[in-house]
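Contents: one structure, followed by commentary.
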Protein chains: 2
Amino acid sequence: MIGIVGGSGDFGQGLAERLRRIGEEVVIGSRTPRDEFVSNEEACVRSDVVFLSVPPGGVADMAYELRDALAGRVVVSVAAPVVFREGQAGAAPGELALAEITSVAAPEARVVAGFHTVSARALADPDVPLDEDVLLAGDDAEAKAVVADIAERLVEGRAVDCGRLEVSRWLETLTAVLLNVNRRYKTNAGVRITGLPE
Amino acid sequence: MIGIVGGSGDFGQGLAERLRRIGEEVVIGSRTPRDEFVSNEEACVRSDVVFLSVPPGGVADMAYELRDALAGRVVVSVAAPVVFREGQAGAAPGELALAEITSVAAPEARVVAGFHTVSARALADPDVPLDEDVLLAGDDAEAKAVVADIAERLVEGRAVDCGRLEVSRWLETLTAVLLNVNRRYKTNAGVRITGLPE
């Protein structure tokens, strides 16, 4: 079972549909459980892998609140410290990445950062193949392999291991670059890493 | 004429050879002029486009020292705030990007940030095609177009306009991600942006 916390946004909805299409069972959590949404805590407890798709300002509190429910689980941090000023996307990172904050707030969660370069808008249209890689970072190699396996079934490219969790600092801000590219080229850009061995 | 300041490193040497192969005249500046190297100031004054390939700690001083020689010229900032701790690559960015610092220190330079995702090691072997894009950021559209034209003759991919100079903050730290990928996969990785219009 794969849980999505904050699954009512574009990213979470698109991800849920795409996960179902590759045969995964999905449970979506929300602050306000209703219809197909369960509570965030229930979404975590019922899952082996939990995607945290929460606005950047809510990451620390949400991870802390769910720390028991996330303990021992593979937790995918997809949040990016994006800000908009005068309509332009930028990043306002802190000292630590949001994925690192998640790991501090929920110390028994097996945090993997990733999917920062996958457009929520692209994800939201499940009929369009995702011509891109997924970039991952994390300190738990086994957890990273679990997420890599899911990622490679979602995109046409591959899961690229970018190293330890600290590297998420520079993956998370990459979202701001892509939002600027999207605006300029009126598209939903992604990233492929070239030069990797076959 | 294209000038390279700090052209005695891997990046500068590889770039110089590749620029010559696409038919550009190149002049290389060095702190210690000798043999084929002229002074950094002369390299700037003789050029229309100047690549600043300087270690991150030297960027502010170098740009300030060369501010008159850089005035009115297209200046390509390739520096990245990379640091190594216990053999692992990371980034230690300041408030401003190195490209923004360059622009502050040399206010009449037409600064374009770019090439942060092009591996110095890959660049250094001019017989190997560069299967990647070049990501650019800058506030001077005309200068950016000049650099884009050069970039697209150097790589097999395209020059991607990532927006205004501020975006270089998140391009410069991307170098740290790629250095981690290089270490893990024993390669010289690059980036392609997917989803762009043809």
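The values are calculated or read from the model by the stated rules, or taken from the named source; none is laboratory data. Please read these numbers as outputs of a predicted model, since none were measured by experiment. When we count neighbours, we look across all protein chains shown, and the Cβ atoms used for this are built from the backbone with ideal geometry, even at glycine. Areas reflect the complete protein model, heavy atoms only, side chains present, ligands, DNA and RNA absent. Shrake-Rupley method; radii C 1.70, N 1.55, O 1.52, S 1.80 Å.
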What number of residues within the range A:111-152 satisfy the criterion of being in contact with a helix residue (DSSP H, G or I) (Cβ under 7 Å, 6 or more places away or on another chain), without any contact (Cβ under 8 Å) to a residue 60 or more places away in the chain and farther than 24 Å from B:Ala89 by Cβ? 1
Give the residue that is surrounded by the most Cβ atoms within 10 Å (Cβ to Cβ), with candidates limited to residues of the range A:170-196 that are more than 7 Å from chain B (Cβ to nearest Cβ) and not in a loop (DSSP other than H, G, I, E, B). A:Glu172
Would it be correct to say that A:Leu130 is in contact with a Gly (Cβ under 9 Å, 6 or more places away or on another chain) and closer than 22 Å to A:Val59 by Cα? no
Hits in the range A:8-41 (condition: open to solvent by 80 Å² or more (accessible area, probe 1.4 Å) and of a type in the set (Asp, Glu)): A:Asp10, A:Glu25, A:Asp35, A:Glu36, A:Glu41
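Results for (1) free of Cβ contacts under 8 Å to residues at least 24 places away in the same chain; (2) of a type in the set (Gly, Ala, Ser); (3) farther than 25 Å from B:Leu98 by Cα; (4) out of contact with any Phe, Trp or Tyr (no Cβ under 8 Å at 6 or more places or on another chain), shown as yes or no for each residue.
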site: B:Leu19; (1), (2), (3), (4): no, no, no, yes
site: B:Ile22; (1), (2), (3), (4): no, no, yes, yes
site: B:Ser30; (1), (2), (3), (4): no, yes, no, no
site: B:Asp35; (1), (2), (3), (4): yes, no, yes, yes
site: B:Pro56; (1), (2), (3), (4): no, no, no, yes
If I filter the range A:153-165 down to residues being charged (D, E, K, R) and in contact with a helix residue (DSSP H, G or I) (Cβ under 7 Å, 6 or more places away or on another chain), which single residue comes out as nearest to the other protein chains (Cβ to nearest Cβ)? A:Asp161
I'm checking my understanding of the structure. Among residues of the range B:112-129 that are open to solvent by less than 10 Å² (accessible area, probe 1.4 Å) and farther than 17 Å from B:Ala176 by Cβ, which one is nearest to the other protein chains (Cβ to nearest Cβ)? B:Leu123
Quick check: anything in the range A:78-85 within 21 Å of A:Glu152 (Cα to Cα), in contact (Cβ under 8 Å) with a residue 60 or more places away in the chain and out of contact with any helix residue (DSSP H, G or I) (no Cβ under 6 Å at 6 or more places or on another chain)? yes
